[in-house]
């Protein structure tokens, strides 16, 4: 496909993805307060897996600035960041993002998180399935990777359920705030495998 057509397609990609029970939509201005509340409610769990996020958001104002940074990355086609909202009560319950975009291949890495109260209900599975379709069908990516920590069994199960395959281990690849280095598993999903 022509590079200009692909760029136009990416610029016009959907900003909201609907699942049976969630609305997975691009962060918007004024989402900072709700995002701050999500981060604070899950403070201890986010610290180990998303230390930069955890450190960047200590107030609603910082969260709003962070959200606007995510919006800028979307507009520059450098990252695609979605908040996950529960449909019934319109509460933010998580986020999912496609980062480390390399348009030359093209490929990206998916990262995600869901509030502790909404775990083990299949909501993140729905969101991740939509994100995979978005990445392949709208952005034209050829590969998506995920890098859960060795001790993050829930994320490993989730990516496998959606079709990702383990490609290897990365030793001492992530440093937790306490200072310890953590091994991660590398998972990948190629468009050819998914189709």
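The values are calculated or read from the model by the stated rules, or taken from the named source; none is laboratory data. Computed from a predicted model, the values in this text were never measured in an experiment. Neighbour counts run over all protein chains shown; Cβ positions are idealised from the backbone, glycine included.
Of the residues 148, 177, which single one is in contact with a helix residue (DSSP H, G or I) (Cβ under 9 Å, 6 or more places away or on another chain) and either buried (at least 18 other Cβ atoms within 10 Å of the Cβ) or at positive phi (or both)? Steps first, answer last, please.
Numbers: 177 fails: either buried (at least 18 other Cβ atoms within 10 Å of the Cβ) or at positive phi (or both).
Exactly one of 148, 177 is in contact with a helix residue (DSSP H, G or I) (Cβ under 9 Å, 6 or more places away or on another chain) and either buried (at least 18 other Cβ atoms within 10 Å of the Cβ) or at positive phi (or both), namely 148.
Those residues that are in a helix (DSSP H, G or I) and out of contact with any strand residue (DSSP E or B) (no Cβ under 7 Å at 6 or more places or on another chain), I need them from segment 143-162; list them, please.
Initial filter on segment 143-162 (in a helix (DSSP H, G or I)): 153-162.
Across segment 143-162, the qualifying residues are 153, 154, 155, 157, 158, 160, 161, 162.
Out of the residues in segment 36-59 meeting the condition of being out of contact with any helix residue (DSSP H, G or I) (no Cβ under 8 Å at 6 or more places or on another chain) and outside any helix (DSSP H, G or I), tell me which one is surrounded by the fewest Cβ atoms within 10 Å (Cβ to Cβ).
Among those residues, the one meeting the criterion is 58.
If you check every pair at least six apart or on different chains, which have Cβ atoms under 7 Å apart with a residue in segment 141-160 that is within 18 Å of residue 194 (Cβ to Cβ) first and a residue that is assigned to a strand (DSSP E or B) and at pLDDT below 95 second?
As it stands, the answer is none, since no pair meets every condition given.
Residue 72: outside any loop (DSSP other than H, G, I, E, B), crowded, with 21+ Cβ neighbours inside 10 Å and free of Cβ contacts under 8 Å to residues at least 40 places away in the same chain, yes or no?
Values: outside any loop (DSSP other than H, G, I, E, B): yes; crowded, with 21+ Cβ neighbours inside 10 Å: no; free of Cβ contacts under 8 Å to residues at least 40 places away in the same chain: yes.
Taking the combined requirement at face value, the residue does not satisfy it.
Which count do you get for residues in segment 100-142 that are within 14 Å of the chain's Cα centre (by Cα) and not in a strand (DSSP E or B)?
14
Just give me the residues in segment 154-170 being surrounded by fewer than 17 Cβ atoms within 10 Å (Cβ to Cβ), at negative phi and modelled with pLDDT of 95 or more, in sequence order.
Within segment 154-170, the first condition is being surrounded by fewer than 17 Cβ atoms within 10 Å (Cβ to Cβ), and the residues that meet it are 154, 157, 160-161, 163, 165-170.
With the extra rule that they be at negative phi, the set shrinks to 154, 157, 160-161, 165-167, 169-170.
Scanning segment 154-170 gives 157, 160, 161, 165, 166, 167, 169.
Which is free of Cβ contacts under 8 Å to residues at least 60 places away in the same chain, surrounded by 15 or more Cβ atoms within 10 Å (Cβ to Cβ), more than 15 Å from the chain's Cα centre (by Cα) and within 30 Å of residue 178 (Cα to Cα), of 62, 97? So that I can check it myself, show each step before the final result.
Numbers: 97 fails: more than 15 Å from the chain's Cα centre (by Cα).
Checking each option against the conditions leaves just 62.
Suppose we filter segment 20-35 for residues that are assigned to a loop (DSSP other than H, G, I, E, B) and surrounded by fewer than 18 Cβ atoms within 10 Å (Cβ to Cβ); how many remain?
So the first thing to find is which residues in segment 20-35 are assigned to a loop (DSSP other than H, G, I, E, B), and the list is 20-21, 27-31.
So of that shortlist, the ones also surrounded by fewer than 18 Cβ atoms within 10 Å (Cβ to Cβ) come out as 20-21, 28-30.
Summing the residues that are assigned to a loop (DSSP other than H, G, I, E, B) and surrounded by fewer than 18 Cβ atoms within 10 Å (Cβ to Cβ) in segment 20-35 gives 5.
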